[in-house]
2 protein chains.
Amino acid sequence: MDAEIISIGNEILCGNIIDTNANYIIKKLEEVNLFVRHISAVGDDEKELINLLKVAYERSRVIITTGGLGPTEDDITFQSIAKAFNLSLVKYPEAEEHMIKILNRIKIDISTSNLKQAYLPEGSQCIINSFGTAPAMILEKENRVIIALPGVPLEMKNLMTKEIIPFLQKRFPNIQYKQSRIIRISGLGESTVNEKIKDFIHEHEHLNIGIYANPEDIQIQLNAIGETPGEAAKMLDEATEKLKEILGDYIFGFNQQSLEEIVGIMLKKQGLSLAIAESCTGGMLGEMITSIPGSSDYFRGGIISYSGEIKEKLLSVPRGTMIRYGQVSEQVAKLMAINVREACSSDIGIAITGIAGPGGGSEEKPVGLVYIALADQQKTIVQEHQLRKDRHTIRLRSARRALNMLRMHLINTQAIKS
Amino acid sequence: MDAEIISIGNEILCGNIIDTNANYIIKKLEEVNLFVRHISAVGDDEKELINLLKVAYERSRVIITTGGLGPTEDDITFQSIAKAFNLSLVKYPEAEEHMIKILNRIKIDISTSNLKQAYLPEGSQCIINSFGTAPAMILEKENRVIIALPGVPLEMKNLMTKEIIPFLQKRFPNIQYKQSRIIRISGLGESTVNEKIKDFIHEHEHLNIGIYANPEDIQIQLNAIGETPGEAAKMLDEATEKLKEILGDYIFGFNQQSLEEIVGIMLKKQGLSLAIAESCTGGMLGEMITSIPGSSDYFRGGIISYSGEIKEKLLSVPRGTMIRYGQVSEQVAKLMAINVREACSSDIGIAITGIAGPGGGSEEKPVGLVYIALADQQKTIVQEHQLRKDRHTIRLRSARRALNMLRMHLINTQAIKS
């Protein structure tokens, strides 16, 4: 069934904000088997919006608008919907009541412009927005459904999850049921993943498989459509098992799981603590690790050794070693990992040293050369990487590879333990 | 003059990527006085695209499409443009030649599907894409201009800047000239900025002023339209001067300048070095500072003291002080700043300690309580902040406020010196 999204607001057409609402709505609608075929953005322009609503009404079964529900003059969504479909605006007492309650609570006087928000197109269903004054609306007309949501992402997401998806589920009971799963991979390049799963893709064309690569990881999206939710889930489970056989430990997680989350779970499970020494990433790895709530359970901290002095003074890397091999070298990376582990009294030490560019490269040691070392009680390992692209991507990839190196190490230590 | 953007590709409608191309194009078109009134996204669906092109042709003077220029079956932009406007597809030898050259260079055999890319709608102008095989296209038809660009952001941006903007400048010689400027502010809340510049906005309605707030900073956008570029620039300069009078040092930069860049320039100019101690931000401040190329000129490094042990061992914060006042306290923040400065032999030391949540808060010390301290040779200052929202925002704001505290300090030291 076809759906359509219309984003309303001058701020989008001015290029000052990037509309991420549409993206969220697409994903939510997929859950109830509704597929977005058109996305449009218009400014706060009544004539343009009315035209667009009429065009959308011709081609789509479900139309969702975001934005334009506020109290000011340029908020024109309800009036445009009313005009497009020849409806009058009617006062909804529940909307007015809710608005007065909210405005009283935050001690703001009610103005005529606020009261405007309580007028909805006649025959529509008023949806109270617990996070704001503007109500949302569902209008059913000749087999079409028009839904108007606020543009504030937090409010839109809350209404979408709590009100709109349950409504659509009831309104369009599925004859088929769609489920998706993302398989997340780290440690392999996109072309290698492509090569490895080529046959799998051909054998599973009904899953409409997509491969997406970003500097962080590679994602394989599986989409199963079944007669029942259980059937769709079974198809996903079977495909996932086959991918596990093909890709093994390169698969680190599913759906929204992140590498830092998985590594955190593994460290906690094995009761191990971590410390880091960062050179070219300057704190990025620490930032990622500590983005996980509760990371203080396993993360001790570390040293940002952005200069030779700090490497010498706080990480006890001998000056002679740096002069002989260079600050970006296997030898220095190893010492950083060993000594940060020591300095922070942690079970594992990880170190990154590299040339993020754009300056600082040479023929022998070009921009993008990065050494990542890992030390534990038993041994120290070091990896050499030659990364490409800009400074930000090189730093990002260095930190992601360090996390994946740690993950692979923890898989091994877990295997030895059990 | 009205422009319109059409993004083509299933990947956008699947919600797997967020279309940022439209945003870039809007900004570039503004430079030549073209204003985007519609943005749409469609999948790789010839019928839908043809319909959309016809609608766009009715309402917009300039139509820019992105995507759908590749060699595969689902790349349908040229054929859809040809069908929408009853044109045949014609082989462009220069496009074929360029493609063969590129494919030879990367040692890929030329297939029939590649050759398809050399066929453009008759009468169009072929624009060679130096970053890829797919040529772009400009088609002029009855006072309308239709431009087809590749969807890969790097290729699109390169063609937009080097080819499309110069073409549009010639094609639509401006009678009026638009210039924009962003004034960037740190250290004031959105409502305070609003209050302070209320009168300024009323006196400058012709500048169509916008205020945008994000967790990083507050931006005031000024838009001047003049008869000549010089006139527009003069209007912006005058308005900027007035804003400087009103907002003073809260203005930290203009247009795309970032706080970390400005702070880096100031440190370099004053010949001062910096070290940091991060607790709740876990490396985020270091990551920001080192995102600037050449930051090793002034940034020594620092210590991520995510645990009490590290605060004690590497930052010499006495255990007793932590027990007495808590790890998140004015006293500990001060000692962290003083001692990291000492440990890293830097001119300035900055420290952040706080509760990022969601756990770890108490009635006395709630989530979002953050202390930021700055130490130099003369003195140590500390700020207490009560920040709101989620873990990520609290951490982000902590790091931004630390940068702004440093900026304010550097303004003072500069004033004393000069």
(request) At least 2 residues that are crowded, with 24+ Cβ neighbours inside 10 Å and within 12 Å of another protein chain (Cβ to nearest Cβ) in each: list the helices (runs of 4 or more DSSP H) lying fully within segment B:298-344 that qualify. (result) B:308-313, B:330-343
(request) Would you be able to tell me the number of residues in segment B:54-87 that are of a type in the set (D, E, K, R), in a loop (DSSP other than H, G, I, E, B) and under 31 Å from the mean Cα position of the chain (by Cα)? (result) 2
(request) Quick one: which residue in B:I5, B:I63, B:I102 is under 20 Å from B:V152 (Cα atoms) and either free of Cβ contacts under 8 Å to residues at least 60 places away in the same chain or surrounded by fewer than 18 Cβ atoms within 10 Å (Cβ to Cβ) (or both)? (result) B:I102
(message) Conditions first: (1) assigned to a helix (DSSP H, G or I); (2) more than 7 Å from every other protein chain (Cβ to nearest Cβ); (3) farther than 16 Å from A:T290 by Cα. B:M288 passes all but one, so which condition is the exception?
(response) (3)
(message) Filter segment A:41-58 down to the residues that are surrounded by fewer than 24 Cβ atoms within 10 Å (Cβ to Cβ), touching a helix residue (DSSP H, G or I) at 6+ places or on another chain (Cβ under 8 Å) and either in contact (Cβ under 8 Å) with a residue 24 or more places away in the chain or farther than 24 Å from A:E142 by Cα (or both) and list them by number.
(response) A:G43, A:D44, A:E46, A:I50, A:L53, A:K54, A:Y57
(request) Go through (1) at the interface with chain B (Cβ under 7 Å from one of its Cβ atoms); (2) out of contact with any Asp or Glu (no Cβ under 7 Å at 6 or more places or on another chain); (3) of a type in the set (D, E); (4) within 28 Å of A:I182 (Cβ to Cβ) and name the single condition A:E261 misses. (result) (1)
(request) Give A:I355, A:I348, A:I372 a once-over and let me know the one that is in contact with a Lys or Arg (Cβ under 9 Å, 6 or more places away or on another chain) and either at positive phi or within 13 Å of chain B (Cβ to nearest Cβ) (or both). (result) A:I355
(request) Taking the residues in segment B:193-238 that are of a type in the set (D, E) and within 30 Å of B:I394 (Cβ to Cβ) as candidates, determine which candidate is surrounded by the most Cβ atoms within 10 Å (Cβ to Cβ). (result) B:D217
(request) Give segment B:14-23 a look and list any residue that's farther than 13 Å from A:L13 by Cβ, buried (at least 18 other Cβ atoms within 10 Å of the Cβ) and in contact (Cβ under 8 Å) with a residue 12 or more places away in the chain, or say none. (result) B:D19, B:N21
(message) Of everything in segment B:345-361, what is in a strand (DSSP E or B) and touching a Phe, Trp or Tyr at 6+ places or on another chain (Cβ under 9 Å)? Give them in sequence order.
(response) B:A351, B:I352, B:T353, B:G354
(request) Output the number of residues of segment A:22-57 satisfying the condition of being more than 10 Å from chain B (Cβ to nearest Cβ) and closer than 19 Å to A:F85 by Cβ. (result) 8
(message) Any residue at all in segment B:241-254 that's out of contact with any Phe, Trp or Tyr (no Cβ under 9 Å at 6 or more places or on another chain), modelled with pLDDT of 85 or more, assigned to a strand (DSSP E or B) and surrounded by fewer than 17 Cβ atoms within 10 Å (Cβ to Cβ)?
(response) yes
(request) Tally the residues that are surrounded by fewer than 12 Cβ atoms within 10 Å (Cβ to Cβ) and without any contact (Cβ under 8 Å) to a residue 60 or more places away in the chain, restricting the search to segment B:163-176. (result) 4
(request) Take B:E155 and decide whether it is closer than 24 Å to B:I17 by Cβ and surrounded by fewer than 21 Cβ atoms within 10 Å (Cβ to Cβ). (result) yes
(message) Quick check on B:K83: is it farther than 27 Å from B:G43 by Cβ and either in contact with a Ser or Thr (Cβ under 7 Å, 6 or more places away or on another chain) or surrounded by fewer than 20 Cβ atoms within 10 Å (Cβ to Cβ) (or both)?
(response) no
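The values are calculated or read from the model by the stated rules, or taken from the named source; none is laboratory data. What you are looking at is a predicted structure, and each value in this text was computed from that prediction instead of being measured. All Cβ positions, even for glycine, are placed from backbone atoms using ideal geometry, and neighbour counts span all protein chains on display.
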